[in-house]
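For reference, the structure discussed in these notes is given below.
The values are calculated or read from the model by the stated rules, or taken from the named source; none is laboratory data. The structure presented is a predicted model; accordingly, all values stated were derived computationally and were not measured. Every residue, glycine as well, gets a Cβ built from its backbone with ideal geometry; the counts of neighbours run over all protein chains shown. What goes into the accessible areas is simple: the full protein's heavy atoms, side chains included, and nothing from ligands, DNA or RNA. Shrake-Rupley method; radii C 1.70, N 1.55, O 1.52, S 1.80 Å.
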Amino acid sequence: MFTGLIEEKGKILNTPQGEAGSFSIVADDILNDVEIGDSIAVNGTCLTVTAFTKGHFEVDVLAETLRMTTLGKLRIGDEVNLERAMQAGKRFGGHIVSGHIDGTGRIRSISGEKNGTWITIVINPELMGNIVLKGSVAIDGVSLTVANVGENEFQVCVIPHTGEETTLVGKKAGDVVNIEVDMIAKYINNILSEKSEKKEINITEEFLIENGF
């Protein structure tokens with residue numbers, strides 16, 4: 001489990017050869033207490049550390065991971081957002097991020113306004129149903145607040161600190177990014193969909209408690 005608060009920007013050292021394989025990634029701070037088998041989110045995608053030395057680590061990726069995310073588009077020298085799995089007992093900033101990417105989106109535009117950077121992202125209708133105004137979304141693993149919602153797109157505004165610590169403001173129109181929608185919104189929509197099929201929609205306090213909310 002992750003928070004969407006990026007700890008470090010890493011750099012791709014080697015990429016998989018073929019439809020699956022392993023990445024080698026240059027990093028520093030996140031390797032201070034790393035162990036084989038640890039989870040590290042790479043551009044929001046939860047991956048398992050299989051090897052490491054001072055200054056870099058390796059993770060395996062499946063063909064399905066490359067199909068579902070933007071990782072297959074990475075090239076040697078590209079920067080990536082890195083976050084270790086969260087520890088119990090520490091402040092929980094951001095929001096609950098599983099590292100399981102729901103799909104990808106395409107950046108339609110990036111523009112500045114005073115000290116903020118507005119990013120507009122187009123996604124498919126299935127994902128759009130889980131995007132809520134003022135709700136949370138993870139873009140390439142970065143926890144952000146949804147500022148505006150359109151028919152098939154949404155906007156976020158990136159503060160200077162997030163811009164400096166992540167790869168987001170270095171993106172350009174047309175770039176594809178990993179999207180993980182808010183887990184709570186996803187579960188609510190799933191429950192409502194099941195109830196709708198059975199014609200049983202009746203949102204009450206008892207209904208919400210019964211379903212874990």
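Report yes if some residue within region 135-147 is charged (D, E, K, R), surrounded by 15 or more Cβ atoms within 10 Å (Cβ to Cβ) and touching a Leu at 6+ places or on another chain (Cβ under 7 Å); otherwise report no.
The first filter runs over region 135-147 and keeps only residues charged (D, E, K, R), leaving 140.
The next check asks that each one be surrounded by 15 or more Cβ atoms within 10 Å (Cβ to Cβ); those that pass are 140.
Right, trim to touching a Leu at 6+ places or on another chain (Cβ under 7 Å) and you get 140.
The answer is yes, given that some residue of region 135-147 is charged (D, E, K, R), surrounded by 15 or more Cβ atoms within 10 Å (Cβ to Cβ) and touching a Leu at 6+ places or on another chain (Cβ under 7 Å).
I need the full set of residues from region 22-48 which are closer than 21 Å to Leu62 by Cβ and open to solvent by 30 Å² or more (accessible area, probe 1.4 Å), in order please.
Ser22, Ile36, Gly37, Asp38, Ser39, Cys46, Thr48
Does Gly105 meet the test of being surrounded by 15 or more Cβ atoms within 10 Å (Cβ to Cβ), within 14 Å of the chain's Cα centre (by Cα), in contact (Cβ under 8 Å) with a residue 60 or more places away in the chain and not in a strand (DSSP E or B)?
no
Of these, Ser109, Ser136, Ser143, Ser98, which one is closer than 20 Å to Lys9 by Cβ and among the polar types (S, T, N, Q)?
Working: Ser109 fails: closer than 20 Å to Lys9 by Cβ; Ser136 fails: closer than 20 Å to Lys9 by Cβ; Ser98 fails: closer than 20 Å to Lys9 by Cβ.
Among Ser109, Ser136, Ser143, Ser98, only Ser143 is closer than 20 Å to Lys9 by Cβ and among the polar types (S, T, N, Q).
May I ask you to verify whether Glu79 is open to solvent by 40 Å² or more (accessible area, probe 1.4 Å), under 21 Å from Val42 (Cα atoms), at pLDDT 95 or above and not β-branched (Val, Ile, Thr)?
Against the criterion (open to solvent by 40 Å² or more (accessible area, probe 1.4 Å), under 21 Å from Val42 (Cα atoms), at pLDDT 95 or above and not β-branched (Val, Ile, Thr)), Glu79 qualifies.
Out of all the residues in region 133-156, which are over 14 Å from the mean Cα position of the chain (by Cα) and more than 14 Å from His95 (Cα to Cα)?
The answer is Leu133, Ala147, Asn148, Val149, Gly150, Glu151, Asn152, Glu153, Phe154, Gln155.
Condition first: assigned to a loop (DSSP other than H, G, I, E, B), without any contact (Cβ under 8 Å) to a residue 40 or more places away in the chain and of a type outside the set (D, E, K, R). Now tell me which residues in region 115-167 satisfy that.
Listed by number, the residues that qualify are Asn124, Leu133, Gly150, Asn152.
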